[in-house]
Amino acid sequence: MRCPYCHVDDDRVFDTRAAEGGYMVRRKRVCLACERKFSTLEKLEQLNVRVVKSDQTREPLDREKIRRGVERACSKRPIQSSKIEQVVQSIEADIYESYDSEVTASQIGEIVMRHLAALDEVAYIRFASVYREFHDANDFIRAISKIVGPGKDKKSKEEK
């Protein structure tokens, strides 16, 4: 690994730790030439899964697109960043576990919705409204009734 300070490729690792739930390794290094310390992150390189979009074009799976969609859905909700990261990791793991070379954008959307439904109902509705292109209030009512169901609604009224 080249030193970011003196650019010499001569260092020693003095600490190694798992990061991002075991999906990355953080290594602390010391340059043997200039003796300055620096850290590196090693990330597991995944197989190249390609996303088949609705117009049949293909592009590489972009983890950051998934993260942005989840973050947008969770905006202004009481959800910690670490929890969002766990959800993104779970979504990515599901995709790599279920698909070898290609996955459709709609399949990714369904996986994201499944994870958001378990995380936060409002985030799920927000994502579903964009993903499924809701056109009117009835679309929202149908989506909400799938989550809430008739039993939950009655319980909340009885508790009040």
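Spot the failing condition for A117; the list is (1) of a type in the set (A, V, I, L, M, F, W, C); (2) in contact (Cβ under 8 Å) with a residue 12 or more places away in the chain; (3) open to solvent by 40 Å² or more (accessible area, probe 1.4 Å); (4) more than 21 Å from R132 (Cβ to Cβ), and only one is missed.
Every condition holds for A117 apart from (4).
Would you check if Q86 is of a type in the set (S, T, N, Q), within 28 Å of G22 (Cα to Cα), surrounded by 12 or more Cβ atoms within 10 Å (Cβ to Cβ) and modelled with pLDDT under 95? It would help to see each step written out before you state the result.
Details: of a type in the set (S, T, N, Q): yes; within 28 Å of G22 (Cα to Cα): yes; surrounded by 12 or more Cβ atoms within 10 Å (Cβ to Cβ): yes; modelled with pLDDT under 95: yes.
Considered against the rule, which asks whether it is of a type in the set (S, T, N, Q), within 28 Å of G22 (Cα to Cα), surrounded by 12 or more Cβ atoms within 10 Å (Cβ to Cβ) and modelled with pLDDT under 95, Q86 comes out as yes.
Quick grid of which residues meet (1) hydrophobic (A, V, I, L, M, F, W, C); (2) farther than 30 Å from D139 by Cβ; (3) exposed (fewer than 13 other Cβ atoms within 10 Å of the Cβ):
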position	(1), (2), (3)
R29	no, yes, no
C74	yes, no, no
I79	yes, no, no
D94	no, no, no
M113	yes, no, no
V122	yes, no, no
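With the checklist (1) closer than 30 Å to L116 by Cα; (2) surrounded by 13 or more Cβ atoms within 10 Å (Cβ to Cβ); (3) of a type outside the set (G, A, S) in hand, flag the one item F38 doesn't pass.
Condition (1) is where F38 drops out.
Determine whether R12 is part of a strand (DSSP E or B) and under 30 Å from the mean Cα position of the chain (by Cα). Working first, answer last.
Values: part of a strand (DSSP E or B): yes; under 30 Å from the mean Cα position of the chain (by Cα): no.
When the stated conditions are applied, R12 does not pass them.
Select from the range 111-146 the residues that are touching a Ser or Thr at 6+ places or on another chain (Cβ under 7 Å) and within 13 Å of C74 (Cα to Cα) and list them in ascending order.
H115
Do the conditions hold for I108, that is, is it at pLDDT 95 or above and open to solvent by less than 70 Å² (accessible area, probe 1.4 Å)? Write out each step before concluding.
On the way: at pLDDT 95 or above: yes; open to solvent by less than 70 Å² (accessible area, probe 1.4 Å): yes.
Yes; evaluated as a whole, the condition is true for this residue.
Need at least 1 residues that are among the hydroxyl-bearing types (S, T, Y) per element, so show me which helices (runs of 4 or more DSSP H) inside the range 53-157 make the cut, counting only ones lying wholly within it. Spell out how you get there, then give the answer.
Details: elements: 63-73, 81-98, 105-119, 121-131.
Output list reads 81-98, 105-119, 121-131.
Given the residues R68, R77, which is the only one that is within 18 Å of V51 (Cβ to Cβ), of a type outside the set (G, A, S) and out of contact with any Phe, Trp or Tyr (no Cβ under 9 Å at 6 or more places or on another chain)?
Working: R77 fails: within 18 Å of V51 (Cβ to Cβ).
Exactly one of R68, R77 is within 18 Å of V51 (Cβ to Cβ), of a type outside the set (G, A, S) and out of contact with any Phe, Trp or Tyr (no Cβ under 9 Å at 6 or more places or on another chain), namely R68.
The values are calculated or read from the model by the stated rules, or taken from the named source; none is laboratory data. Being a predicted model, the structure only gives us computed values, none of them experimental. Positions of Cβ are backbone-derived with ideal geometry, glycine not excepted, and every protein chain shown enters the neighbour counts. The accessibility values were calculated without ligands, DNA or RNA, using every heavy atom of the protein model including side chains. Shrake-Rupley method; radii C 1.70, N 1.55, O 1.52, S 1.80 Å.
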